[in-house]
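Undergrad: Sharing a structure here in structure tokens format.
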Amino acid sequence: MTDRPILFSAPMVRALLDGRKTQTRRIIKPQPVSPYLENGDWWDETAPGTATPMVLKAYAGDRLWVKETHAHVGDNGDDHMACPDLTRLVYYRADDVQPELSRWRPSIFMRRQDSRLTLLVTDVRVERLQDISEADAIAEGIERHHSGWMPYSTAFYEADGVTPANYHLDPRESYRSLWNRINGFGAWEANPWISCYSLRVIKQNIDQIEKVAA
């Protein structure tokens with residue numbers, strides 16, 4: 001078992017907290033030529049008869065501690081006496097803090113001790129991005145609306161631009177728009193090899209889990 005950090009955007013953190021997100025997909029770098037699974041390990045056949053072991057971000061049994069956009073008490077001129085919760089030392093952007101803070105720390109700078117979510121990897125698959133099923137698209141945490149699934153393109157997802165006519169009936173189309181929003185225009189169409197991680201979400205700091213288990 002290995003502990004590794006992983007970055008998530010604020011909407012995906014909310015999906016984890018809400019219990020909507022139990023999978024995440026990440027682009028494999030460098031891209032494999034012809035990956036295959038043998039005896040529980042992933043290999044890449046780079047040439048006929050020549051295979052090399054693939055190095056993935058995580059493996060079944062690993063724990064991932066979530067890094068998200070945040071701020072420390074004091075970053076915005078506040079202090080312990082000004083903080084409504086005197087035991088709270090960190091604000092999280094995904095919580096829609098009111099009033100909005102002006103100084104946020106990017107997720108990449110989050111310290112392990114400030115993380116509030118731990119993800120246990122239960123399964124790992126390697127596949128093409130566009131092979132995602134409807135069930136897996138839903139497990140990625142896309143948002144449901146009465147008439148369909150959220151369109152995540154910039155034009156519709158910002159502010160009040162979403163109308164019922166814009167909702168996707170196919171959850172895979174919703175996830176396609178989300179992938180392009182996160183990874184850039186044309187990222188879905190490139191159809192890269194990705195690693196798909198199935199997750200069990202634990203709403204607790206990774207080191208606090210060890211203390212409770214002890």
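Undergrad: What shape does the chain have by the C-alpha gyration tensor, where a ≥ b ≥ c are the square roots of the eigenvalues, rounded means a/c under 1.5, and otherwise prolate means a/b greater than b/c and oblate the rest?
TA: oblate
Undergrad: Follow-up. Tell me, what is the 1.4 Å probe accessible area of R103, in Å² to the nearest 10?
TA: Number for this one is 140 Å².
Undergrad: Still on this model: If you look for lysine pairs in the chain that are eight or more places apart or on different chains, how many of them have Cα atoms under 23 Å apart?
TA: Total qualifying Lys-Lys pairs in the chain comes to 10.
Undergrad: Would you list F109, F8 from the most to the least accessible area, probe 1.4 Å?
TA: Heavy-atom accessible area, descending, gives F109, F8.
Undergrad: Distance between Cα centroids, the range 89-152 to the range 1-80: provide it in whole Å.
TA: Measuring centre to centre over Cα atoms gives 12 Å.
Undergrad: Order the following by accessible area, largest value first: T69, T46. Probe radius 1.4 Å; ligands, DNA and RNA are ignored.
TA: Final ranking, largest accessible area leading: T46, T69.
Undergrad: Right, another one. Using a 1.4 Å probe on the protein heavy atoms only, what accessible surface does K57 show? Give it in Å² to the nearest 10.
TA: Probe radius 1.4 Å; accessible area of K57 about 80 Å².
Undergrad: Separate question: Once amide H atoms are built 1.01 Å from N in the peptide plane, which residues 5 or more positions from D3, or in another chain, come under 5 Å H to H?
TA: R63
The values are calculated or read from the model by the stated rules, or taken from the named source; none is laboratory data. Only a predicted model underlies this, so the values are computations on that prediction, with no experimental measurement involved. Each accessible area value is taken on the protein alone, full model and side chains, heavy atoms only, with ligands, DNA and RNA left out. Shrake-Rupley method; radii C 1.70, N 1.55, O 1.52, S 1.80 Å.
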